[in-house]
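Novice: Just dropping this structure here.
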Amino acid sequence: MKIFENYAILEGKAPALVTEFSSTTGISTEAGKDSKETVKTEGTSKEIEFYFWGQGNDLPQKLITEAFKNNVVASNLDFNAKIGYGDTVQVVRKHINTKREIEYTPLLESEAPEIFEFLKDNNYELLHQEVTHDITLLHNAFVELIMNKTCTRVIQVRHKEAAFSRLSMMNEDGRIEYHGYCADWNNTSEEKVIATPLLDFDNPLYDLKSKMGKKPNNKGKIENKKLPRHILHIAPPTPGKFYYQKAYWWSIFESHWFDFSCAIPEFKMNLMKNQMVLKYHVMIRKGFFPELCKTEGITDPEKQSARKKEFYQQLEDFLAGKENAGKNILTEFEYDKINKGVEIQDIIIKPIESFIKGGEYIEDSEEASNAICYAMGVHPSLQGASPGKNKTINGTEARELFIIKQALMKPIRNLLLQPLHIVKEINGWDKDIDFIIPNIMLTTLDKNTGAEKQIGNPKQ
């Protein structure tokens, strides 16, 4: 390897830092009203038209891909999902206290064996997490209700991946009749598409009862259709959406904050990889090496060249070696005898100031992170997304923010419990039995514990 060579960086010829800015604008745009695909399905004897989810019928896949590109988005999604999960589902009994307020008392397995057996048989803790993650990222979730042979009771509940789910086109009555399930919606000719009857989004329990013959249908008739499976669509409602609900936090894609947040680390990586950084400019007096070789008695031209390279290496090792950090370098100098006051030095070492200071775009990164957290309903201080000085909060503020966040999750948690409320009604479980998701309430250290469990709001 050649140690020292002459290099020149010409204007306009230096290697440029190229950072590719991706664009997610339009990623959440809804498909056109005629964007549909007619496919042959299993579970029915007819072809069904399914409405596209997103312009290319791949919005869930795009959202999953993009979410893992940004650590702030991924962390916020995980945080929101965990807050939604809370302390998992608890079986409780409702009763009225002396003040005519509703209170909840947790039940033991021996007090409600059928319910606890149902929860264990269906691994409801996992289903709870699956549905929570689907709602958090995709804003839509689907649960399959499986009936017994006579179609009079629900014996199983299964999570259906929202990413692989699609809804059929509305019929003439404005109802969406089927849920489609396929591993690859861009290759439906090769992959199986399973169609299952879909419960009405607005009134799923009434719809299920009418299909089971427990209540009259929209034509006033009582008829058990003997349908072995039903799909429940769970989603927080958004205005103007009849098929797939749209999350408000997806605005980070349309507002460019997501792209901006992703571009900053990409730029910094390119800066570190592609930018040449010189630390010192070393100037050696012309004539220094001939005098050095003369002093050391080196006359052979090849040995003189080797001695020159050896000196370069020694100087490089001294300046770059970490064991020499903090040491001084001593050189002799004299004044020009003709031009008085002008120094003549053998070696001059000047540090080169680099424009790479460290911390580039840190304020912009903070701004982008805060904008994303704001859109996703996560306070930055709860996730550590606020870099910089004087941005920390005390324990009381963190505890209050945590409590507020859990309180705001109430609508989502009600939706997460919807499958159990439907099963309770269909299977005829005790009407005073209910299901709740307890909060994890942080306490002060003087109570000798970091957290305590609270069974919902005693006044709800």
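Novice: Among the residues of region 362-381, how many are closer than 16 Å to Ser255 by Cα, in contact (Cβ under 8 Å) with a residue 40 or more places away in the chain and surrounded by 16 or more Cβ atoms within 10 Å (Cβ to Cβ)?
Specialist: Here the count works out to 8.
Novice: Might you let me know whether region 51-58 holds any residue that is in a loop (DSSP other than H, G, I, E, B), among the aromatic types (Phe, Trp, Tyr), open to solvent by less than 30 Å² (accessible area, probe 1.4 Å) and at pLDDT 90 or above? Before the answer, list the steps.
Specialist: Taking region 51-58 and keeping what is in a loop (DSSP other than H, G, I, E, B), we get 52-58.
Okay, now just the ones that are also among the aromatic types (Phe, Trp, Tyr), so 52-53.
Those left that are additionally open to solvent by less than 30 Å² (accessible area, probe 1.4 Å): 53.
So of that shortlist, the ones also at pLDDT 90 or above come out as 53.
Checked region 51-58: at least one residue is in a loop (DSSP other than H, G, I, E, B), among the aromatic types (Phe, Trp, Tyr), open to solvent by less than 30 Å² (accessible area, probe 1.4 Å) and at pLDDT 90 or above.
Novice: Given the structure, is Ile146 of a type in the set (A, V, I, L, M, F, W, C) and buried (at least 22 other Cβ atoms within 10 Å of the Cβ)?
Specialist: Numbers: of a type in the set (A, V, I, L, M, F, W, C): yes; buried (at least 22 other Cβ atoms within 10 Å of the Cβ): no.
So Ile146 fails the test.
Yes/no per residue for (1) among the hydroxyl-bearing types (Ser, Thr, Tyr); (2) free of Cβ contacts under 8 Å to residues at least 40 places away in the same chain; (3) buried (at least 20 other Cβ atoms within 10 Å of the Cβ):
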| site | (1), (2), (3) |
| --- | --- |
| Pro204 | no, no, yes |
| Asp207 | no, yes, yes |
| Gly213 | no, yes, no |
| Thr238 | yes, no, no |
| Tyr244 | yes, no, yes |
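Novice: Same structure again: Inspect region 256-271 for any residue being in contact with an Asp or Glu (Cβ under 7 Å, 6 or more places away or on another chain), open to solvent by 20 Å² or more (accessible area, probe 1.4 Å) and within 30 Å of Glu425 (Cβ to Cβ) and give the result as yes or no.
Specialist: no
Novice: Which residues, counting only those in region 215-236, are among the aliphatic types (A, V, I, L, M), within 29 Å of Ile27 (Cβ to Cβ) and either open to solvent by 30 Å² or more (accessible area, probe 1.4 Å) or in contact with a Pro (Cβ under 8 Å, 6 or more places away or on another chain) (or both)? Give the derivation first.
Specialist: Restricting attention to region 215-236, the residues satisfying the condition of being among the aliphatic types (A, V, I, L, M) are 222, 227, 231-232, 234-235.
Cutting the leftovers down to within 29 Å of Ile27 (Cβ to Cβ) gives us 231-232, 234-235.
Selection gives Ile231, Leu232, Ile234.
Novice: Restricting to region 59-102, and then to whatever is modelled with pLDDT of 90 or more and among the acidic types (Asp, Glu), can you tell me which residue is nearest to Asn122 (Cα to Cα)?
Specialist: Taking the candidates together, the pick is Asp78.
Novice: Please find, within region 69-113, the residue that is surrounded by the fewest Cβ atoms within 10 Å (Cβ to Cβ) out of those that are assigned to a strand (DSSP E or B) and in contact with a helix residue (DSSP H, G or I) (Cβ under 9 Å, 6 or more places away or on another chain).
Specialist: We begin by selecting, within region 69-113, every residue assigned to a strand (DSSP E or B); these are 90-96, 102-106.
If we keep only those that are in contact with a helix residue (DSSP H, G or I) (Cβ under 9 Å, 6 or more places away or on another chain) as well, we get 91, 93.
Working: Val91: 20, Arg93: 15.
For region 69-113, the residue satisfying everything is Arg93.
Novice: To continue, here is another question. So, Gln129, is that one part of a strand (DSSP E or B), open to solvent by 30 Å² or more (accessible area, probe 1.4 Å) and touching a helix residue (DSSP H, G or I) at 6+ places or on another chain (Cβ under 8 Å) or not? Let's see the steps before the verdict.
Specialist: Numbers: part of a strand (DSSP E or B): no; open to solvent by 30 Å² or more (accessible area, probe 1.4 Å): yes; touching a helix residue (DSSP H, G or I) at 6+ places or on another chain (Cβ under 8 Å): yes.
In short, no.
Novice: Another question about this same structure. Which residues, taken from region 275-316, are under 18 Å from Ile348 (Cα atoms), modelled with pLDDT of 85 or more, touching a helix residue (DSSP H, G or I) at 6+ places or on another chain (Cβ under 6 Å) and open to solvent by 50 Å² or more (accessible area, probe 1.4 Å)?
Specialist: Hit for region 275-316 is Lys308, nothing else.
Novice: If you don't mind, another one. Condition first: within 15 Å of Lys211 (Cα to Cα) and in contact with a strand residue (DSSP E or B) (Cβ under 8 Å, 6 or more places away or on another chain). Now tell me which residues in region 145-163 satisfy that.
Specialist: Passing the criteria: Leu145, Ile146, Met147, Asn148, Cys151, Thr152, Arg153, Val154.
Novice: Residues that are more than 30 Å from Lys246 (Cα to Cα) and either at pLDDT 65 or above or of a type outside the set (S, T, N, Q) (or both): which helices (runs of 4 or more DSSP H) entirely in region 327-420 hold 1 or more of them? Steps first, answer last, please.
Specialist: Numbers: elements: 362-376, 380-383, 395-408, 410-416.
In region 327-420, 362-376, 395-408 are the helices (runs of 4 or more DSSP H) which contain 1 or more residues that are more than 30 Å from Lys246 (Cα to Cα) and either at pLDDT 65 or above or of a type outside the set (S, T, N, Q) (or both).
Novice: Of all residues in region 147-187, count the ones that are among the small types (Gly, Ala, Ser), over 34 Å from the mean Cα position of the chain (by Cα) and within 30 Å of Lys120 (Cβ to Cβ). Let's see the steps before the verdict.
Specialist: Within region 147-187, the first condition is being among the small types (Gly, Ala, Ser), and the residues that meet it are 162-163, 165, 168, 174, 180, 183.
Imposing the further condition that a residue be over 34 Å from the mean Cα position of the chain (by Cα) reduces the set to 174.
Then keep just the ones that are within 30 Å of Lys120 (Cβ to Cβ); that gives none.
So the count comes out to 0.
Novice: Another one. Which condition from (1) surrounded by 18 or more Cβ atoms within 10 Å (Cβ to Cβ); (2) more than 26 Å from Asn148 (Cβ to Cβ) is the one that Asn187 breaks?
Specialist: Looking at each condition in turn, Asn187 falls short on (1).
Novice: Same structure again: Name the residues in region 69-83 that are touching a Ser or Thr at 6+ places or on another chain (Cβ under 9 Å) and of a type in the set (Gly, Ala, Ser), would you?
Specialist: Ala81
The values are calculated or read from the model by the stated rules, or taken from the named source; none is laboratory data. If you're wondering where the values come from, they're calculated on a predicted model, not measured in any experiment. Cβ atoms come from the backbone with ideal geometry, glycine included; neighbour counts cover every protein chain shown. In case anyone asks, the SASA skips ligands and DNA or RNA and just uses the protein heavy atoms, side chains included. Shrake-Rupley method; radii C 1.70, N 1.55, O 1.52, S 1.80 Å.
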